[in-house]
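Inspection log for the structure reproduced underneath, given as structure tokens.
The values are calculated or read from the model by the stated rules, or taken from the named source; none is laboratory data. A quick note: this is a predicted structure, and the numbers were derived from the prediction, not measured. As a convention, Cβ positions derive from the backbone with ideal geometry for all residues, glycine included, and neighbour counts pool all protein chains shown.
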């Protein structure tokens, strides 16, 4: 619910707001309201399993007398963001007041009726302490994370990250992985990095989730796994994520000395299977392979010393780097580096040379164009620009690529991964699900990107229909049996060109219009 005023009770009756339906605790969300709930004269008010988000005032109790036994807010799914509570005469002191009791003579109860001390302490499972998406070489050290759903979460490629001397207390899951890639936790020779977990419910998993590829990594910890009083042990955990290695030495950790840059990795073990292309990705084979190759190329570009470490695999890594350098992955990396150096002319030339072969590259190419020709020049984005960015932003990163993270700040948004149906068979990466087109030899289009005309590499079949759609699915152009297509009337942006013969889709291609 997004509104100016949420729920107003003017007189009489009982107010009950409960997001617990059939014991499923689905929750209710009220956000962006001046006042989400105003109780002017309800006989009683009970609120549970509710999230109030970014409201000026979430709950207002006007002056009056309230029965403490009948007015309460409870439930471990109750959440107010930016929590502030005030009681007159301090009305208006806080810009974000989420429970306002001004002149109330009988205060409401916050917390469960059985245990008032639990007020606003158990946050929803989705609340994270530290979250990293596709971020590598992280050193996370010396944190105490208390009473959050997941103390830490790592999604995508987070290789070569080190967790040291962290304390996680009262959680749904201690450390959660989502299609993650992670390195062993501990130093040679198998020494512990002194992470601790604490929970009264010893059945709560300390490490869980999913990896891609599904190969568990070692977690070295001090003391014995059989010692139930050992806060350093990782049991209980998901065996699909980690292998337990106990009774190791405890290192003395000083967090300020633990920052690293490019070190602490086993190149051949971590990246050798990517170079040899021997990894079996159980889901999203094409996308996962592309992301893994991109991550390795960027790693080698950032730290060229990794190419020559006196290993028998040095020549294989050098060959991988040299071949990828001239492919779209390497060219897009050079575009990013040129943009970082404010060399927009070189960036534009390199970006135009990218022959995008999948939606990840198409997304990156379009965003690069906006960064070069709009953002760098402080130009206002057009409606077509924002439509294209929204289309990219709404994709899952494993299909749309890491450009989803770049699109977010351009739209003044934050990217949170949405759920996605797992795909276990290899298939081309396309931004929109389309029927597999019947192949026509040598049929193609050029140039792409273009600002005026699109040509075909061969004469189209008699009666062929060419349509151009924008990212929302609207038909923008419709031509029958054309020799070429004039797209000069369309705004800059991302489009889909389709060719039909006898109402059957025979060809489609993502196109970018740049003027």
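Assess whether residue 374 counts as being free of Cβ contacts under 8 Å to residues at least 12 places away in the same chain and within 24 Å of residue 414 (Cβ to Cβ).
On the way: free of Cβ contacts under 8 Å to residues at least 12 places away in the same chain: yes; within 24 Å of residue 414 (Cβ to Cβ): yes.
Considered against the rule, which asks whether it is free of Cβ contacts under 8 Å to residues at least 12 places away in the same chain and within 24 Å of residue 414 (Cβ to Cβ), residue 374 comes out as yes.
Would you call residue 164 crowded, with 23+ Cβ neighbours inside 10 Å and either at pLDDT 90 or above or farther than 26 Å from residue 293 by Cβ (or both)? If you could, list the steps in order and put the result at the bottom.
Working: crowded, with 23+ Cβ neighbours inside 10 Å: no; either at pLDDT 90 or above or farther than 26 Å from residue 293 by Cβ (or both): yes.
So residue 164 does not fit the description; no.
Among the residues of region 300-312, is there at least one that is surrounded by 14 or more Cβ atoms within 10 Å (Cβ to Cβ), in contact (Cβ under 8 Å) with a residue 24 or more places away in the chain and touching a strand residue (DSSP E or B) at 6+ places or on another chain (Cβ under 9 Å)?
The answer is no; no qualifying residue exists.
Of everything in region 178-193, what is under 10 Å from residue 218 (Cβ atoms) and free of Cβ contacts under 8 Å to residues at least 60 places away in the same chain? Give them in sequence order. Outline the logic, then answer.
So the first thing to find is which residues in region 178-193 are under 10 Å from residue 218 (Cβ atoms), and the list is 183-186, 190.
If the condition is that a residue be under 10 Å from residue 218 (Cβ atoms) and free of Cβ contacts under 8 Å to residues at least 60 places away in the same chain, then 184, 185, 190 are the ones that fit.
Only one residue in 466, 487 is more than 31 Å from the chain's Cα centre (by Cα) and under 16 Å from residue 382 (Cβ atoms), so which one is that? Full working, then the answer.
Details: 466 fails: under 16 Å from residue 382 (Cβ atoms).
Going through 466, 487 in turn, just one is more than 31 Å from the chain's Cα centre (by Cα) and under 16 Å from residue 382 (Cβ atoms): 487.
Is there a residue being farther than 28 Å from residue 386 by Cα and under 37 Å from the mean Cα position of the chain (by Cα) anywhere in region 494-502? First the steps, then the outcome.
Step one: filter region 494-502 for residues farther than 28 Å from residue 386 by Cα, giving 500-502.
Remaining after also requiring under 37 Å from the mean Cα position of the chain (by Cα): 500.
Among the residues of region 494-502, at least one is farther than 28 Å from residue 386 by Cα and under 37 Å from the mean Cα position of the chain (by Cα), which makes the answer yes.
Can you find a residue that is on the phi > 0 side of the Ramachandran plot, buried (at least 16 other Cβ atoms within 10 Å of the Cβ), part of a loop (DSSP other than H, G, I, E, B) and in contact with a helix residue (DSSP H, G or I) (Cβ under 6 Å, 6 or more places away or on another chain) anywhere in region 280-293?
Scanning region 280-293, I find at least one residue that is on the phi > 0 side of the Ramachandran plot, buried (at least 16 other Cβ atoms within 10 Å of the Cβ), part of a loop (DSSP other than H, G, I, E, B) and in contact with a helix residue (DSSP H, G or I) (Cβ under 6 Å, 6 or more places away or on another chain), so the answer is yes.
Would a scan of region 211-223 turn up a residue that is part of a loop (DSSP other than H, G, I, E, B), modelled with pLDDT of 90 or more, crowded, with 19+ Cβ neighbours inside 10 Å and in the same structural domain as residue 148 (by TED's automatic domain parsing)?
No; the residues of region 211-223 include none that is part of a loop (DSSP other than H, G, I, E, B), modelled with pLDDT of 90 or more, crowded, with 19+ Cβ neighbours inside 10 Å and in the same structural domain as residue 148 (by TED's automatic domain parsing).
When you look at residue 265, is it modelled with pLDDT under 85, farther than 30 Å from residue 170 by Cα, in the same structural domain as residue 399 (by TED's automatic domain parsing) and outside any helix (DSSP H, G or I), yes or no?
Judged against the criteria, residue 265 is not a match.
Enumerate the pairs (first residue in region 280-293 and assigned by TED's automatic domain parsing to the domain that holds residue 397; second residue anywhere and part of a helix (DSSP H, G or I) and buried (at least 18 other Cβ atoms within 10 Å of the Cβ)) with beta-carbon separation below 6 Å, excluding pairs fewer than 6 apart on the same chain, so at least 6 apart or on different chains.
Note: pairs meeting the criteria are 281/288; 284/398; 287/398; 287/399; 292/274.
Taking the criterion of being at pLDDT 80 or above, part of a helix (DSSP H, G or I), surrounded by 11 or more Cβ atoms within 10 Å (Cβ to Cβ) and in contact with a helix residue (DSSP H, G or I) (Cβ under 9 Å, 6 or more places away or on another chain), would at least one residue in region 411-423 satisfy it?
Looking for residues that are at pLDDT 80 or above, part of a helix (DSSP H, G or I), surrounded by 11 or more Cβ atoms within 10 Å (Cβ to Cβ) and in contact with a helix residue (DSSP H, G or I) (Cβ under 9 Å, 6 or more places away or on another chain), one finds none in region 411-423, hence no.
Name the pairs whose Cβ atoms lie under 8 Å apart, with the first residue in region 324-349 and in the same structural domain as residue 368 (by TED's automatic domain parsing) and closer than 10 Å to residue 371 by Cβ, the second modelled with pLDDT of 90 or more and part of a loop (DSSP other than H, G, I, E, B), and 6 or more positions between them or separate chains?
335/354
What about residue 234, is it modelled with pLDDT of 90 or more, under 26 Å from residue 148 (Cα atoms) and not in a strand (DSSP E or B)? Explain how you work it out, then say what you get.
On the way: modelled with pLDDT of 90 or more: yes; under 26 Å from residue 148 (Cα atoms): yes; not in a strand (DSSP E or B): yes.
Answer is yes for this residue.
Output the strands (runs of 3 or more DSSP E) that fall wholly within region 457-497 and possess 1 or more residues being within 21 Å of residue 359 (Cβ to Cβ), or say none.
Where strands (runs of 3 or more DSSP E) fall fully within region 457-497 and carry at least 1 residues being within 21 Å of residue 359 (Cβ to Cβ), they are 465-470, 475-480.
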